[in-house]
Structure formats: structure tokens, C-alpha cells
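> Okay, handing you the structure first.
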Amino acid sequence: MATKYDTDLAFYQQLIWYYQTNKGRIQKGYKGITKKLLAYNDRKTRADAYLRPPQFEAFEIYVFFKEYLGNMSVREAFDEWRNKTGKFVDSKDAFRASGRLFDIYSEKQTEEVFKQLEKADEPYPNYIYALTMGLGKTVLMATCIYYEFLLANKFPKDERFCHNALVFAPDKTVLQSLKEIVSMDKALVLPPEYVSVVDSNLKVHFLEDAGTTLNTLDDSDFNLIISNDQKIIAKQRHKENTATDRLFDMPSAMSERASEMLAAVYGEDFARDDKGLIFNQRYTKLTRLRQLGVYVDEAHHLFGKELVKSLTDKKSESSLRRTINLLDEELRRQGTAVVGCFNYTGTPYANNKVLPEVVYAYGLRESIQHGYLKTARVLGYDNVKSEAFLRFAITEFWNTYGENKYEGLLPKLAIFASRIEEAEEEVRPAVERVLAELGIDTNKILVNTEHATNEEIHAFNNLDNPNVGGNDKQFIILVQKGREGWNCRSLFGVAMYRSPKSKVFVLQATMRCLRQITDVQQEATVFLSKENEEILDNELRKNFNMEISEMKPSTAKEKKTYRVRVVLPEVRIPLSRLRHNYAVVEKALDAPLDFGLDELDLEKYRATVTEKKRIDRDIAAKTYEISGKVDDYEYSLFSLVPKIASYIGAETSCVKIEKMLRGSVDGADKVLELVNFNEDILYDVIIPKVFDALYEVRGETVEEPREITLLRKPKNAEYYEFSANPSLVKEMDDAQFIEVADKSFHADTYCFDSKPEQEVFMQYIFAEDIDKVYFTGMFTSGQGDLMVNYYDPESMSLRSYYPDFLAVREDGTVEIIEVKGENKLDDPVVKAKARAAEETAAGSRYVYRVIPGNFAMENDLFADDVQERLEYWVASLEGDKE
């Protein structure tokens with residue numbers, strides 16, 4: 001029996017299962033028009049139906065909430081569902097059988113989810129439909145709106161249906177893409193006899209410019225208003241009224257008409273209320289429409305905190321949610337209301353958690369696997385400079401796609417620069433050089449930035465038009481365009497070398513090239529630096545619960561979310577801080593300098609490319625060496641000497657360094673050869689060797705005693721939240737720990753990353769020789785002070801490292817413990833962490849231990865001969881490598 005519950009319950013999964021299980025009974029009560037609409041869009045009944053299955057399923061859930069649940073809020077639906085009451089009372093089994101969900105403890109298990117929904121509840125129904133970019137959220141939105149208008153026209157007194165629709169776009173580019181709602185052929189989603197009904201009643205208002213007024217008739221129906229969210233907003237007044245303000249604040253019909261006239265001419269905000277809120281003319285006109293439905297296209301570029309803020313923020317002056325709530329308040333005073341708010345997003349996740357009001361979701365993984373998007377191979381380039389990266393990317397793209405046409409469209413490669421200056425002064429010239437080398441016309445280049453000309457903007461807007469010049473452009477250089485709502489089905493590749501300020505931008509830009517083209521599933525190619533490849537992998541995990549190389553096996557146990565509370569009093573321990581002071585002393589050069597270049601291991605300097613053919617399949621990555629030059633610049637002795645001198649110091653002359661190179665054991669020619677093979681050798685070997693020959697660094701270490709806290713209470717919360725596999729979780733109140741709980745648990749729950757970590761903990765807590773043991777490895781975000789600063793040899797930067805355990809033996813010996821997989825023992829970063837941890841431990845008279853994971857699983861860590869066994873174990877590993 002379950003005694004815990006999953007607070008990250010995906011209610012939308014249960015809804016779709018419940019609907020599909022009871023579809024026949026549910027649809028009996030639907031309107032006749034609704035049944036015809038569903039049949040028209042169902043590929044099971046009409047093979048050439050336009051909506052894809054995910055779009056149709058989302059539309060079914062939309063209708064399910066509208067006609068079966070009567071516009072019920074998600075909170076109300078969840079409450080009835082968990083209690084098997086109301087609309088769910090006739091269900092014999094409202095719960096889908098699943099190991100991660102519900103058993104007889106369903107009330108306890110669902111209470112937390114219900115509280116989340118209560119917190120997010122609005123005065124009107126609020127739903128989130130999460131469909132991955134490229135699945136057609138705009139078409140789905142249009143289908144839902146036209147359905148509303150058809151039903152409102154047939155049943156004008158039924159308050160469930162929207163008589164007017166307001167569509168919000170997050171920015172101007174997405175606003176342009178929403179024109180598809182109006183321009184699309186309605187017969188694709190509506191039976192022919194219903195198209196004329198919609199066309200004869202529909203009134204479209206496209207608020208494209210800031211000065212555009214909203215010319216709706218008061219109390220009219222079937223208005224479709226499409227606007228940027230900043231064009232309809234309520235703001236707080238922060239300044240004193242001017243004479244003009246006071247004039248137009250007068251409560252007279254004449255002043256109201258004058259306000260509207262001036263607003264129409266100048267686009268100014270004139271309407272105000274007694275709370276100091278300022279309403280623009282467009283907002284005021286909306287309050288005079290009845291039965292308003294609000295559709296929010298959060299678009300594909302909002303993820304994580306931005307998505308949560310956009311959907312839930314009610315306090316910010318510029319908050320869209322606040323404006324919708326004010327609209328609803330005003331409409332209710334007039335005897336009507338916001339019928340519902342329908343949010344369309346690209347993912348149900350925000351920071352690895354399911355948004356509470358999601359009612360339908362279709363993810364990136366499923367979209368690729370079912371052919372609704374292109375597949376993608378990801379090429380991660382390591383030890384490659386910028387122009388070489390572009391050369392490899394463009395060459396591979398051209399060899400793969402060339403001038404092949406797909407639905408009459410040439411394939412495009414989007415090349416992202418971090419700044420406009422970089423795009424225009426560095427990237428474009430580099431691309432031109434590469435195209436010239438390949439014999440490709442440089443007219444195929446298009447740069448789209450804020451400096452773009454009207455001709456370039458026109459070409460960019462017509463990349464997918466085979467009859468306009470935009471289709472001839474195949475190499476598109478962009479800055480920040482990946483996060484906006486531009487759609488280009490003929491985009492087959494994305495190239496990004498430098499890491500952007502926003503890590504999620506790597507994901508946003510990558511997804512640009514996945515839109516489907518042709519009836520056969522195509523394959524896109526993503527060219528990334530190794531750093532950006534790692535960022536993409538991490539962002540895929542956070543936002544889509546997937547990764548580049550493979551999806552989590554379906555047989556793996558689902559993780560659960562645990563509330564972890566600090567056990568008081570907070571545990572504090574003495575841990576000295578070591579401060580290092582250094583001085584540089586000049587040395588006499590008394591022998592030829594030996595760089596040791598003949599013995600240098602060149603393998604780590606060879607440029608490679610890693611190819612993953614499919615991101616949705618468990619296919620191993622293939623790594624190839626890239627032949628040829630990888631650096632952008634070739635050194636001569638004349639240019640190399642001042643380069644070295646700039647790092648050594650002004651007091652060292654270029655003449656002296658040149659003599660050192662010429663007189664070295666390796667010789668200047670050998671130095672030049674290897675530096676030009678890979679410039680990193682200059683920084684890793686040449687400059688350090690020159691410096692060491694000229695100077696000695698003398699240092700002293702100063703110990704500063706202090707006391708640290710292992711774990712602090714979270715700010716503004718009662719607990720931390722961690723996601724973990726239940727089999728790797730140990731809790732303070734477990735029966736097995738009753739007699740030893742006081743030896744550990746500075747937090748009431750420990751969530752381990754691996755079985756070896758858990759094994760070490762179990763051995764230590766039950767060992768008679770151990771007085772205290774605390775698992776600290778799960779708190780890696782500054783929740784406590786036990787961390788070790790170390791120099792990362794790969795990123796060449798100072799980083800922080802959090803050891804796995806701190807243990808105190810009965811004799812007072814304190815151990816800082818790290819559990820590592822055997823394959824990581826020789827990793828340079830792991831060794832750098834160990835050196836820093838050993839130094840920290842020694843400064844406090846502690847002992848630092850690294851315990852190999854498999855060794856912990858197979859050995860008693862408190863056996864008398866454990867140290868000899870460990871040494872033999874490590875030696876055997878070294879022998880296997882040899």
C-alpha cells in the first residue's frame with residue numbers, strides 16, 4: 001500500500017483516458033452541430049480530415065470541458081473526478097491504473113494537487129493546452145473559436161459559448177503568425193455548410209499598430225480581435241492629473257465621446273477609474289462586448305519561469321493575467337463575463353513540474369516519433385574555432401541538402417549570432433568566404449537583424465514562398481530570431497557556435513528547424529558547439545522531460561517529488577577557510593627551455609564531430625575525426641612572440657622570448673607547427689612553460705577558522721522539493737532507523753542519485769564506529785555551506801563542488817566523502833575536485849575519502865582490511881586500462 005503521494009500528478013493524462021474510455025456516453029449529450037464538427041475532423045471517420053490526431057484530441061478535450069462539464073474549471077473537474085461525484089459519478093473507475101498514481105489512499109494523494117489548483121484558480125475557467133511547436137496550435141485555436149461562434153449563433157442564450165473572441169499574442173512576430181486564424185481555408189476544419197455561417201457573421205479586428213483603434217459596436221457579437229498583449233492593458237496611474245486629464249475625467253457623455261475621439265486620433269490613454277487605473281481605448285471597447293472568450297498564444301518561445309509568470313502573474317502592472325481579471329470584473333458588473341481563458345503553450349512543464357491547469361499535452365518526443373515533426377541529428381563540435389565551425393556546418397549542410405527542393409522550397413540553414421555587430425562584421429564575411437570556397441553563390445545569404453532593409457525583411461517573410469525571392473535564400477544569419485514566432489517549414493538546419501546569454505535560447509532556436517515539410521518525415525541537422533550541445537541536452541530535460549541521446553526507458557520507475565524539511569536545530573560544524581597569498585619572483589634562465597612537445601599527447605587536441613542521427617531513438621552517437629586545419633589564424637614567429645609576451649608581462653621583452661623559442665630544445669619551428677595544429681597548445685603548454693622558466697610563484701596559506709551550517713531552512717517556504725526514484729529515498733521516520741536516526745538526518749528525507757550512494761549511507765549509519773553521518777550531496781544549490789571551491793581545468797574557471805557525505809567517527813575523526821563511478825576516477829575535473837577537497841579537509845584536520853561506487857556495493861567499508869582492498873581495487877582498474 002502507498003503511504004506517499006505524487007504531487008506532480010499529471011491530471012491531463014487522466015482526463016484523456018477518462019474521455020476515451022467513456023466517449024460514447026459523453027458524446028450523447030453533445031449538440032448536433034458539435035457531433036458533425038467532431039466527425040468532420042476525425043480521421044477515423046473521414047480519412048482526409050485536416051487536423052492531425054494531437055490537434056483533434058485537444059479539440060475533443062476542449063469540447064469535453066465545454067459541453068459535458070459545462071465550462072467547469074480545472075479545479076472543479078479535478079475535485080469531482082477524485083471524489084467520483086457530479087459528472088464523474090457514473091464512472092465505475094475514474095482512475096487510470098498506473099503504478100505512479102492512485103490506490104485506496106487517493107484522497108491523501110490528490111489533496112496537494114487540489115491545493116495547487118485552488119491557488120491557481122480564477123473567477124473564470126482557465127485552461128492550458130500544451131502542444132509542441134510545429135503541431136499547429138494556431139489552427140487548433142481557430143477551430144475552437146469557429147466552433148464557439150457556430151454554437152453561439154445557434155444557441156444565443158446558452159452562456160457556455162463565446163459570442164466574441166480576444167486573441168493575445170506575446171509579441172509582434174507571433175501577432176503576424178496569428179493572421180493564419182483569419183486567412184486559413186475554413187473548409188479545412190468546418191463542414192462546407194457551416195463556412196458561410198461563420199463568414200457572414202465574423203468581424204475581424206487586427207490591432208497591429210500602437211495607434212490602431214478598436215472599432216467594435218457595443219454589445220455586438222462574433223468579433224474576433226487579434227492583438228499584441230501590450231495594446232490592451234490596464235496600468236496604474238503614477239502621476240498627477242493634468243488639466244486635460246481632469247477635463248476628460250468628467251463624467252459626462254460629451255467628455256466620453258471626446259476621449260474616444262482623441263484616443264482614435266492619437267492612440268492615447270484617456271479612460272480612468274477611481275482606483276487610479278488607466279485604460280486605453282481598446283480595453284474600454286472590450287468591456288462593452290458580451291460573452292468574451294480570451295485566447296492566449298504563449299507561443300513556442302516561453303519556457304520555465306517566463307511561462308509560469310506569463311500564465312499566473314496577477315500583480316505586475318504589465319501583467320496580462322491582471323488585465324484579463326479586470327476585464328472579467330467589468331464584464332460581470334454589466335451582467336456578462338469572460339467565458340473562459342484558453343492558453344496555448346509549447347510544453348506542459350515549467351522547471352520540470354507540470355503546470356496545474358494543463359488539460360491536454362502532446363510532447364516533443366511523441367511528435368517526432370509519430371512523424372509530426374522532422375527528426376533531427378545533432379552534431380556537437382569540440383576543439384573547433386568559429387570560422388572552422390561555420391566551414392564544417394555549411395559544408396555538411398550543402399553536401400546533405402544542396403539545392404534539393406521540398407514542396408518547391410529550397411532547404412535553409414539558420415546561423416545564429418549573439419550580436420548584430422557579430423552577425424554583420426564577423427559571421428557574414430566568414431560565411432561568404434566559405435561559400436566562395438564551395439563555389440556557392442553568395443546571393444544565397446540573407447541577414448535579418450534590426451538593421452535589415454525593407455527588401456531583406458520582405459525576403460525573410462517569404463522564405464517559404466516558392467514564387468518570391470525569399471525562397472532563393474538558403475543561409476540565413478540571425479540575431480535572437482529563434483525565440484520569436486516565425487515559421488519556416490523549409491528550415492532544415494540550425495548552427496550556433498557561441499553560447500547565448502539565455503540558455504533556453506539554444507532549445508528555442510533548435511526547435512525552429514523541426515517543422516514538418518512533405519508527407520514523408522524529413523531529417524534536420526543541428527550544428528552546435530560542444531557547450532551548446534550540453535545546454536540543449538539540459539534544456540530538453542527541463543522543458544520536455546527528454547534528452548538528446550535517448551528517452552528514459554519506459555520500464556524505468558517514475559520519479560516522485562518529495563518535500564524535504566530541515567531537521568532542527570540546524571547542524572553546524574567547524575570548517576576552516578584557507579586563504580592563499582602569492583608572490584611572483586624572477587628566475588635566472590640557465591638552460592635551454594624544454595617544452596616536451598615530442599612527448600605531448602595530441603589526442604585531446606584533435607578536432608572531432610559527434611553525430612546523433614535521431615534524437616528520438618536510442619541510437620549510439622558516432623564520433624569522427626575532422627581532418628584539416630581547425631584554427632582560424634596561422635601564426636608566424638613574428639606574430640607568436642608578442643602573443644606570448646602579452647600573457648607573460650610587460651617587463652619581459654619580445655626579444656628575450658624569441659631567443660627562448662629559437663634556443664629551446666624543441667626549436668621554434670616545432671613550436672609553430674603544434675601551435676598552428678591547435679591553438680590550445682599555446683595556452684596549455686607554451687605560455688605556461690615560458691612563464692615557469694622566467695618566474696617562480698611563491699605562496700603562503702592562511703587558515704581562517706569558522707563554523708558552517710550544513711543545511712539552512714529555505715526562504716519563504718517550509719520545505720525544499722526534490723524529484724527522486726522512490727527506491728533511492730530514505731526517510732527519517734522509516735522503521736529501520738528508529739534506533740539510529742539521531743546519528744543522521746539533518747533533513748527528514750534523503751534522495752540519493754545512485755545505489756552506491758545509498759549503500760555508503762546505509763553502511764555508515766549502522767556502523768558502530770560512526771557517531772554522525774549526513775548526506776550532503778543532494779543540496780547543491782547553496783542550501784548549505786559545505787562546499788569546496790576548486791579550479792576546473794576544462795572551463796578554466798573557479799567552481800563550487802558539494803561533497804556527498806560528512807561523517808564523524810567515535811574517535812572524533814571527521815571524514816568528507818565522495819562516491820564516484822570507477823569510470824570517473826581519472827577524470828581531470830574529478831581529480832581537481834579531490835585536490836581541493838583534500839586541501840580543505842587537511843586545513844580542518846579532516847580526512848577526505850573517494851569511494852568507488854562498485855567497490856562500495858561489493859565490500860564492507862568497515863572491514864579491518866578495507867584500505868588494502870581499496871588499494872588493490874584501484875590498482876586492478878589501472879591494470880585493466882593498460
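> Identify all residues within segment 764-779 that are within 16 Å of ALA741 (Cβ to Cβ) and open to solvent by less than 40 Å² (accessible area, probe 1.4 Å); write none if there are none.
Within segment 764-779, TYR764, ILE765, ALA767, ILE770, VAL773, TYR774, PHE775 meet the criteria.
> Does segment 370-378 contain any residue that is of a type in the set (Ser, Thr, Tyr) and more than 21 Å from ASP121 (Cα to Cα)?
In the first step, residues of segment 370-378 are kept if they are of a type in the set (Ser, Thr, Tyr); the result is 372, 375.
Cutting the leftovers down to more than 21 Å from ASP121 (Cα to Cα) gives us 372, 375.
Yes, segment 370-378 contains at least one residue that is of a type in the set (Ser, Thr, Tyr) and more than 21 Å from ASP121 (Cα to Cα).
> Do the conditions hold for ILE681, that is, is it open to solvent by less than 30 Å² (accessible area, probe 1.4 Å) and outside any helix (DSSP H, G or I)? First the steps, then the outcome.
On the way: open to solvent by less than 30 Å² (accessible area, probe 1.4 Å): yes; outside any helix (DSSP H, G or I): no.
No; evaluated as a whole, the condition is false for this residue.
> Going through segment 827-848 one residue at a time, which ones are among the acidic types (Asp, Glu) and either open to solvent by less than 40 Å² (accessible area, probe 1.4 Å) or without any contact (Cβ under 8 Å) to a residue 24 or more places away in the chain (or both)?
Initially, segment 827-848 is screened for residues among the acidic types (Asp, Glu), giving 827, 838-839.
Of everything in segment 827-848, those that are among the acidic types (Asp, Glu) and either open to solvent by less than 40 Å² (accessible area, probe 1.4 Å) or without any contact (Cβ under 8 Å) to a residue 24 or more places away in the chain (or both) turn out to be ASP827, GLU838.
> While we're on this one: Only one of these conditions is not met by VAL74: (1) open to solvent by 50 Å² or more (accessible area, probe 1.4 Å); (2) under 20 Å from PRO123 (Cβ atoms). Which number is it?
The one condition VAL74 does not meet is (1).
> Do we have GLN867 as open to solvent by 60 Å² or more (accessible area, probe 1.4 Å) and more than 28 Å from THR701 (Cα to Cα) here? Walk me through how you get there before you give the answer.
Values: open to solvent by 60 Å² or more (accessible area, probe 1.4 Å): yes; more than 28 Å from THR701 (Cα to Cα): yes.
Considered against the rule, which asks whether it is open to solvent by 60 Å² or more (accessible area, probe 1.4 Å) and more than 28 Å from THR701 (Cα to Cα), GLN867 comes out as yes.
> Further, regarding this structure: Considering only segment 684-699, state which residues are aliphatic (A, V, I, L, M) and either touching a strand residue (DSSP E or B) at 6+ places or on another chain (Cβ under 9 Å) or loosely packed, with under 12 Cβ neighbours inside 10 Å (or both).
Pass one, segment 684-699, residues aliphatic (A, V, I, L, M): 685-687, 690, 693-694, 697.
Correct list: LEU694, VAL697.
> I would also like to ask the following. If a residue has to be of a type in the set (A, V, I, L, M) and at pLDDT below 85 to count, how many in segment 369-401 make the cut? Talk me through it step by step, then tell me what you get.
So the first thing to find is which residues in segment 369-401 are of a type in the set (A, V, I, L, M), and the list is 373, 376, 378-379, 384, 388, 390, 393-394.
Going one step further and asking which of them are at pLDDT below 85, we end up with 384.
Here the count works out to 1.
> Confirm whether VAL358 is within 30 Å of ALA58 (Cα to Cα) and at pLDDT 90 or above.
Details: within 30 Å of ALA58 (Cα to Cα): yes; at pLDDT 90 or above: yes.
It is true that VAL358 is within 30 Å of ALA58 (Cα to Cα) and at pLDDT 90 or above.
> Of GLU437, GLU421, which residue is more than 29 Å from LYS501 (Cβ to Cβ), open to solvent by 50 Å² or more (accessible area, probe 1.4 Å) and of a type in the set (Asp, Glu)?
On the way: GLU421 fails: more than 29 Å from LYS501 (Cβ to Cβ).
So the residue among GLU437, GLU421 that is more than 29 Å from LYS501 (Cβ to Cβ), open to solvent by 50 Å² or more (accessible area, probe 1.4 Å) and of a type in the set (Asp, Glu) is GLU437.
> Taking segment 637-658 only, how many residues are farther than 13 Å from ALA693 by Cα and over 47 Å from the mean Cα position of the chain (by Cα)?
Number satisfying all stated conditions: 5.
> Another question, if that's okay. Taking segment 602-621, which residues are at pLDDT 70 or above and open to solvent by 90 Å² or more (accessible area, probe 1.4 Å)?
Selection gives GLU603, LYS604.
> Read through the list (1) in contact (Cβ under 8 Å) with a residue 60 or more places away in the chain; (2) buried (at least 22 other Cβ atoms within 10 Å of the Cβ), then give the number of the only condition that ALA142 fails.
(1)
> While we're on this one: Just give me the residues in segment 35-76 being more than 30 Å from LEU373 (Cβ to Cβ) and of a type outside the set (D, E, K, R), in sequence order. Give the steps one after another, and end with the answer.
Step one: filter segment 35-76 for residues more than 30 Å from LEU373 (Cβ to Cβ), giving 35-36, 67-73, 75-76.
Listed by number, the residues that qualify are TYR68, LEU69, GLY70, ASN71, MET72, SER73.
> State which residue is farthest from THR776 (Cα to Cα) when the search covers only segment 700-718 and only residues that are open to solvent by less than 60 Å² (accessible area, probe 1.4 Å) and either free of Cβ contacts under 8 Å to residues at least 40 places away in the same chain or not in a strand (DSSP E or B) (or both).
So, considering only residues that are open to solvent by less than 60 Å² (accessible area, probe 1.4 Å) and either free of Cβ contacts under 8 Å to residues at least 40 places away in the same chain or not in a strand (DSSP E or B) (or both), the one farthest from THR776 (Cα to Cα) is ALA717.
> Can I ask one more? Starting from residues that are under 21 Å from ASN532 (Cα atoms) and surrounded by fewer than 21 Cβ atoms within 10 Å (Cβ to Cβ), keep the ones in segment 394-418 and report whichever is nearest to the chain's Cα centre (by Cα). Lay out the reasoning, then the answer.
Within segment 394-418, the first condition is being under 21 Å from ASN532 (Cα atoms), and the residues that meet it are 394-397, 412-418.
Among the residues that remain, those that are also surrounded by fewer than 21 Cβ atoms within 10 Å (Cβ to Cβ) are: 395-396, 418.
Values: THR395: 29, GLU396: 27, SER418: 18 Å.
By that ranking, first place goes to SER418.
> When residues of segment 471-495 are filtered for being modelled with pLDDT under 85 and either within 14 Å of TYR401 (Cβ to Cβ) or of a type outside the set (S, T, N, Q) (or both), how many remain?
Going through segment 471-495, the residues modelled with pLDDT under 85 turn out to be 480-487.
Filter once more, so that each one left must be either within 14 Å of TYR401 (Cβ to Cβ) or of a type outside the set (S, T, N, Q) (or both): 481-486.
Residues meeting the conditions: 6.
> Let me ask something else. So, in segment 719-748, exactly how many residues are on the phi < 0 side of the Ramachandran plot and crowded, with 21+ Cβ neighbours inside 10 Å? Talk me through it step by step, then tell me what you get.
Going through segment 719-748, the residues on the phi < 0 side of the Ramachandran plot turn out to be 719-744, 746-748.
Those left that are additionally crowded, with 21+ Cβ neighbours inside 10 Å: 744, 746-747.
So the answer is 3.
> Does any residue of segment 551-571 turn out to be modelled with pLDDT under 90, acidic (Asp, Glu), open to solvent by 70 Å² or more (accessible area, probe 1.4 Å) and farther than 30 Å from GLY408 by Cβ? Explain how you work it out, then say what you get.
Initially, segment 551-571 is screened for residues modelled with pLDDT under 90, giving 551-563.
Keeping just the survivors that are acidic (Asp, Glu) gives 558.
Going one step further and asking which of them are open to solvent by 70 Å² or more (accessible area, probe 1.4 Å), we end up with 558.
Filter once more, keeping what is farther than 30 Å from GLY408 by Cβ: 558.
Yes: segment 551-571 contains one or more residues that are modelled with pLDDT under 90, acidic (Asp, Glu), open to solvent by 70 Å² or more (accessible area, probe 1.4 Å) and farther than 30 Å from GLY408 by Cβ.
> Only one of (1) modelled with pLDDT of 85 or more; (2) assigned to a helix (DSSP H, G or I) fails for GLY29. Which number is that?
If we test GLY29 against (1) modelled with pLDDT of 85 or more; (2) assigned to a helix (DSSP H, G or I), just (2) comes out false.
> If I ask for residues that are at pLDDT below 90 and either touching a His at 6+ places or on another chain (Cβ under 9 Å) or open to solvent by less than 30 Å² (accessible area, probe 1.4 Å) (or both), which ones from segment 43-71 would you list? Full working, then the answer.
First, the residues of segment 43-71 that are at pLDDT below 90: 43-49.
Hit for segment 43-71 is ALA49, nothing else.
> Follow-up. Kindly indicate the residue of segment 738-791 that is without any contact (Cβ under 8 Å) to a residue 60 or more places away in the chain and of a type in the set (Gly, Ala, Ser) and also nearest to SER576 (Cα to Cα) among those meeting that condition.
Ranking the candidates gives GLY782 first.
> Another question about this same structure. Just the residues that are over 21 Å from ILE61 (Cβ atoms), part of a loop (DSSP other than H, G, I, E, B) and modelled with pLDDT of 50 or more, please, taken from segment 93-129. Let's see the steps before the verdict.
Taking segment 93-129 and keeping what is over 21 Å from ILE61 (Cβ atoms), we get 99-100, 103-109, 111-112, 115, 118-119, 123.
Checking which are part of a loop (DSSP other than H, G, I, E, B) leaves us with 99-100, 103-105, 123.
Answer for segment 93-129, where residues must be over 21 Å from ILE61 (Cβ atoms), part of a loop (DSSP other than H, G, I, E, B) and modelled with pLDDT of 50 or more: just PRO123.
The values are calculated or read from the model by the stated rules, or taken from the named source; none is laboratory data. This is a predicted model, so every value here is computed, not measured. We place every Cβ from the backbone using ideal geometry, glycine too, and count neighbours over all the protein chains shown. To get the accessible areas, we keep the full protein, side chains included, count just its heavy atoms, and leave off ligands, DNA and RNA. Shrake-Rupley method; radii C 1.70, N 1.55, O 1.52, S 1.80 Å.
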